[in-house]
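The values are calculated or read from the model by the stated rules, or taken from the named source; none is laboratory data. A quick note: this is a predicted structure, and the numbers were derived from the prediction, not measured. Neighbour counts run over all protein chains shown; Cβ positions are idealised from the backbone, glycine included.
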Amino acid sequence: MYRYIVKRILLMIPTLFGAAALVFFLMRLIPGDICVIRLGSGGTSFTEQALAACHAEIGFDKPLWLQFVNFVWGFCRLDLGTSMWSGKPVAYEIAARFPVSLEIAILATIIAVIIAIPLGTISALKQNSSTDLVVRTFAIAGIAAPSFWLGIISLLVVLDLTQIFLGKPWMPPIDYVPLWQDPLRSLSIVILPAVTIGYRYSAVAMRMTRSAMLEVLREDYIRTARAKGLINRIIVNRHALKNAMLPVVTVIGIEFAFLVGGLVVTEQVFNLNGVGRLLVQAVQNQDYTLTQAIVMLIVTISVLSNLVVDVLYAWLDPRIRFA
Amino acid sequence: MPPLLEVTNLSTEFRTGLGTVPAVDGISYTVDRGETVAIVGESGSGKTASALALLRLIPDPPGRISGGRVLFNGRDLLRLSDAEMREVRGGDIGMVFQEPMTSLNPVLTIGRQITETLEQHRGADRITAHHRAIELLGLVGIADPLRRLKQYPHQLSGGMRQRIMIAIAIACDPKLIIADEPTTALDVTIQAQILELMKSLTRRLDAALIVITHNLGVVARYANRVNVMYAGRIVESGPAQAVYHHPGHPYTMALLRSVPRLDRPRQARLDPIAGQPPDLTRLDGGCAFRPRCRFAVEACARRRPAMAPTRAAGHFAACLRSDEIAVATEVAV
Ligand SMILES: Nc1ncnc2c1ncn2[C@@H]1O[C@H](COP(=O)(O)OP(=O)(O)OP(=O)(O)O)[C@@H](O)[C@H]1O
Ligand SMILES: [Mg+2]
């Protein structure tokens, strides 16, 4: 088991290195120059010397390979450098924006799991019933609807409902406060984006739960469980669900990685200053160091969520644990 | 004393895309207390379906029990409530399935899979159930029970898993054990061990045994009586020795010629049964074995023959020419 986990962690290294190379060179393929943007931002003209000085300041005068080595080495030491745009440490920029994104992601995952597993199970147990039909329609709608559209609709719905019931429209605040400072306010900020993302997320997980359950319910060992005279609750909870969870856990992990990417759109819609928005700004500004750092952060989270899936998998399935 | 189990006109059908399959078509038989009854027949003859129907375990959809009566200890199992039926399953009647590889839950320990039956039926607490599980492993001949109880199915061999299945089936001292081809998936040497184990356990527990098999050799050795199934019906039934030595139905004769026999000099070769089992969705009114039968005459097409007594007591066959054939084959076999 421990060897398995160590092996998985070692396997993360090539993935991270590949991602680093990809983002480093792709960024440099995008036409544009941060110094031109910075110096010309006020509409003023600037001299060749000023441009060269700016390049020297952010290290563009060094050969490309050296820049790459510095970037990778910095990442290994957890030194992310300074933002080429603001001049502040990248770690500082990200730390300011990270909590809101993290809170949305975690809340969305919780919402997704809480909705998906019971509904998917019921849907499978009552296959082809009207309950099943409603659940499946709900799931397909969640997958089909784009998240920005869902976000806008949910905002409008909240506006209208509060207008009707409270007499004046209410908009969730956008200036984030951490959960531990003011839980209610914090939740009121992230709940809508979390529901918007969580809905889609739950739809995917629900479909997987349903199909995995249907498959497991046909297994011989379920027939054995019935032949033992066990009550249905035990057959479902103890015998079927644990087996059906294996593929569901995988989907939840994969979707979590996607979710982090999906934050870019959602934060834009809800006007929240999270990491997703920071990434958009960094790319627009051609801020290489910041972009690289955020992309590496997202990649690391994806890889880690994969690791968590693998560990959960081993925990659920003794055939892997004792392999 | 009435029999322990009395099955009357039991029918089961599966609705499939190609039509309704009458997998079990009005079978009747009895099982006495402590008796071993074998059900034999080719693949697809409805053996498993008939056994699952007894416990009302036919998957629905696509299947359903379409009629009949299953008297067990005087109660009709087909009329019990779901809760009453659950008490019968695993409590009064234990079942062992064909596939030990897939019939145990891969993510639960062996111990859990044994103790949960005891908790369900006996209301046993964890510790009592655990002690009983150790005892059960001893009964089915598994050494080092403490270690085995903590293991998972994939860590055990096929024969070992089948012993676990048997331990589960006998956990609550059932009066009847149904074993659906308990040895087909196992090595030949293990097969004999498992059959001996089942035989000795049923004797010890004073339980009746219904053993499903397509091996008539097993029947002769272990069963008191035998029911031969073909196309969803019982076509011959009687004391095992009588059926084995004086078969009354051409299908049984063909079955016998297709397996090695210990009581005869080694045959030059085995005769597989000619032709294919019939398509159950399109049976006509005549004898279902007719197309493959070398004794078939015109009259066989008119109706499906009913079970009729043969010369031996308690021995029945569903063949129009049963008597003639029996005499003819006495010499031939
Ligand atoms: N779930 C099912 N759906 C549709 N048809 C089924 C189903 N189960 C069994 N049948 C059909 O019922 C008939 C009897 O099947 P059954 O499994 O009882 O045969 P069997 O005698 O046990 O054969 P085997 O020796 O292969 O186990 C077959 O024609 C089979 O196709
Ligand atoms: Mg079968």
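Figures for the structure shown
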{"quantity": "Residues that are in contact (Cβ under 8 Å) with a residue 60 or more places away in the chain and among the hydroxyl-bearing types (S, T, Y), drawn from the stretch B:37-86", "calculated": "B:S43, B:S45, B:T48, B:S50"}
{"quantity": "Residue match in the stretch A:293-308 (condition: away from chain B (no Cβ under 14 Å), crowded, with 24+ Cβ neighbours inside 10 Å and part of a helix (DSSP H, G or I))", "calculated": "yes"}
{"quantity": "Extreme residue, farthest from ligand 1 (Cβ to nearest atom), among residues of the stretch B:169-218 that are of a type in the set (D, E, K, R) and in a helix (DSSP H, G or I)", "calculated": "B:R204"}
{"quantity": "Evaluation of A:P118 against (1) out of contact with any Gly (no Cβ under 8 Å at 6 or more places or on another chain); (2) modelled with pLDDT under 90 (one fails), failing number", "calculated": "(2)"}
{"quantity": "Pick from the stretch A:200-237, criterion charged (D, E, K, R) and in contact (Cβ under 8 Å) with a residue 12 or more places away in the chain, ranking: farthest from the other protein chains (Cβ to nearest Cβ)", "calculated": "A:R200"}
{"quantity": "Matching residues in the stretch B:141-184 - criterion: being free of Cβ contacts under 8 Å to residues at least 40 places away in the same chain and among the hydroxyl-bearing types (S, T, Y)", "calculated": "B:S157, B:T183"}
{"quantity": "B:G111 vs. criteria surrounded by 16 or more Cβ atoms within 10 Å (Cβ to Cβ) and under 20 Å from B:V96 (Cβ atoms)", "calculated": "yes"}
{"quantity": "Options B:E99, B:E116: the member that is within 16 Å of ligand 2 (Cβ to nearest atom) and within 7 Å of chain A (Cβ to nearest Cβ)", "calculated": "B:E99"}
{"quantity": "Tally, over the stretch B:1-19, of residues that are under 18 Å from B:A231 (Cα atoms), over 17 Å from the mean Cα position of the chain (by Cα) and near ligand 1 (Cβ under 10 Å from one of its atoms)", "calculated": "5"}
{"quantity": "Any hit, the stretch B:127-140, residues being on the phi < 0 side of the Ramachandran plot, of a type outside the set (D, E, K, R), away from every other protein chain (no Cβ under 13 Å) and in contact (Cβ under 8 Å) with a residue 40 or more places away in the chain", "calculated": "yes"}
{"quantity": "Number of the exception - B:R161 against (1) under 30 Å from B:R75 (Cβ atoms); (2) buried (at least 17 other Cβ atoms within 10 Å of the Cβ); (3) away from ligand 2 (no atom under 16 Å from the Cβ); (4) within 14 Å of chain A (Cβ to nearest Cβ)", "calculated": "(1)"}
{"quantity": "For A:V90: the one exception among (1) at pLDDT 90 or above; (2) among the β-branched types (V, I, T); (3) over 30 Å from A:F138 (Cα atoms)", "calculated": "(1)"}
{"quantity": "Scan of the stretch B:60-71 for residues that are within 28 Å of B:T183 (Cβ to Cβ) and within 13 Å of chain A (Cβ to nearest Cβ), ordered by number", "calculated": "B:G63"}
{"quantity": "Residue among B:S43, B:S50 that is away from chain A (no Cβ under 14 Å), surrounded by fewer than 19 Cβ atoms within 10 Å (Cβ to Cβ) and either within 11 Å of ligand 1 (Cβ to nearest atom) or of a type outside the set (A, V, I, L, M, F, W, C) (or both)", "calculated": "B:S43"}
{"quantity": "When residues of the stretch B:219-236 are limited to those that are closer than 24 Å to B:S322 by Cβ and more than 16 Å from ligand 1 (Cβ to nearest atom), the one nearest to the other protein chains (Cβ to nearest Cβ)", "calculated": "B:A223"}
{"quantity": "Check on B:G74, of a type outside the set (A, V, I, L, M), within 14 Å of another protein chain (Cβ to nearest Cβ) and either more than 16 Å from ligand 2 (Cβ to nearest atom) or in contact with a strand residue (DSSP E or B) (Cβ under 6 Å, 6 or more places away or on another chain) (or both)", "calculated": "no"}
{"quantity": "Residue match in the stretch A:163-180 (condition: β-branched (V, I, T) and touching a residue at least 60 places away in the same chain (Cβ under 8 Å))", "calculated": "yes"}
{"quantity": "Checklist (1) in a helix (DSSP H, G or I); (2) away from chain B (no Cβ under 14 Å) applied to A:P247, failing item", "calculated": "(2)"}
{"quantity": "Residue check, A:K126 free of Cβ contacts under 8 Å to residues at least 12 places away in the same chain and in contact with a Ser or Thr (Cβ under 9 Å, 6 or more places away or on another chain)", "calculated": "no"}
{"quantity": "Residue check, B:L54 under 12 Å from the mean Cα position of the chain (by Cα) and either within 19 Å of B:A223 (Cα to Cα) or within 16 Å of ligand 2 (Cβ to nearest atom) (or both)", "calculated": "yes"}
{"quantity": "Filter pass, B:L57 being in contact with a Lys or Arg (Cβ under 7 Å, 6 or more places away or on another chain) and either closer than 27 Å to B:Q120 by Cβ or within 14 Å of chain A (Cβ to nearest Cβ) (or both)", "calculated": "yes"}
{"quantity": "Identity of the residue in the stretch B:15-40, surrounded by fewer than 20 Cβ atoms within 10 Å (Cβ to Cβ) and of a type in the set (V, I, T), that ends up farthest from ligand 2 (Cβ to nearest atom)", "calculated": "B:T30"}
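Residue by residue, here is whether (1) in contact with a strand residue (DSSP E or B) (Cβ under 8 Å, 6 or more places away or on another chain); (2) modelled with pLDDT under 90 holds:
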residue	(1), (2)
A:A227	yes, no
A:L241	no, no
A:V264	no, yes
A:Q286	no, yes
A:I294	no, no
